[in-house]
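Read through the structure below, which is laid out as structure tokens, and then see the notes.
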């Protein structure tokens, strides 16, 4: 392995170790703050139990039992993790691919009808609330119940089917929520790509390529686009927390059994003794908040690291600093 390759590998290892530190720190803060509020004790008194929490949770995965699911909260989280990751990954990949592609097409035809249409569409995607978008999609287009048009293969409310049971029905239950999560990502990616390409269009290497007779589409794709990708990746890393929030809203809108759906307080009816019969909504158990914080922190931190590593690999200036 060359010196540059070893330095990049060392940089990657350092960032991954930082992910572990972030996850442990986020879980520790959640335990101290939430436990202090839940138990009515001071932060310092709650912090005295932190070593035991770290030992039980991170080494033995013991977060207590759920009254509703009749199993441990760690098992509940593992059962919904696949849905959470599917929505996060699909939202980021689809959103950035669509956004960069649209930004590239708009950059090659600025101030055209296509450019204006993409700009309006991106504004709409950023303006529409994710939960409302999902709910209205089901209301207007759901199979057997849509008021406007009934689309047979549309995702349905509460219609999730595991991939192991039927890949086709799993796809049906997931494709609309994935697109809804991807829509704001695509809009932000499009706007960043369009703005960056506008600046790159006046660079000397772009003008030189045109002077040499390189076709206009190739000029934008091969010469201008690489300068936009690091900015798009940086934007994706910054917006990881927003993606997690949109996943929570999409799971609630479509009633998907992902673990992030546990962030909806209505899910905890019956989690405290007597609450189920009284019909009241109890506050989430501290263990659920701990797991939500840990899972979200892990996904956000890993996503940011992957974006930073890709950005460093694409940008020679950042590779030099990482050595």
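The values are calculated or read from the model by the stated rules, or taken from the named source; none is laboratory data. Since the model is a prediction, treat every value here as computed from it, not as a measurement. Here Cβ is always computed from backbone atoms with ideal geometry, including for glycine, and neighbour counts include all displayed protein chains.
Being out of contact with any helix residue (DSSP H, G or I) (no Cβ under 6 Å at 6 or more places or on another chain), in the same structural domain as residue 222 (by TED's automatic domain parsing) and at pLDDT 90 or above narrows it down to one of 127, 57, so name that one. After ruling out the rest, the residue left standing is 127.
Counting the residues of the range 98-113 that are in a helix (DSSP H, G or I) and in contact (Cβ under 8 Å) with a residue 40 or more places away in the chain gives 8. Reported count of residues in the range 34-86, each being part of a helix (DSSP H, G or I), in contact (Cβ under 8 Å) with a residue 12 or more places away in the chain and over 28 Å from the mean Cα position of the chain (by Cα), is 4. In the set (1) surrounded by fewer than 23 Cβ atoms within 10 Å (Cβ to Cβ); (2) modelled with pLDDT under 90; (3) assigned to a helix (DSSP H, G or I), residue 213 fails one condition alone, (3).
The set of residues in the range 217-251 being under 20 Å from residue 294 (Cβ atoms) and modelled with pLDDT of 90 or more consists of 240, 241, 242, 243, 244, 245, 246, 247, 248, 251.
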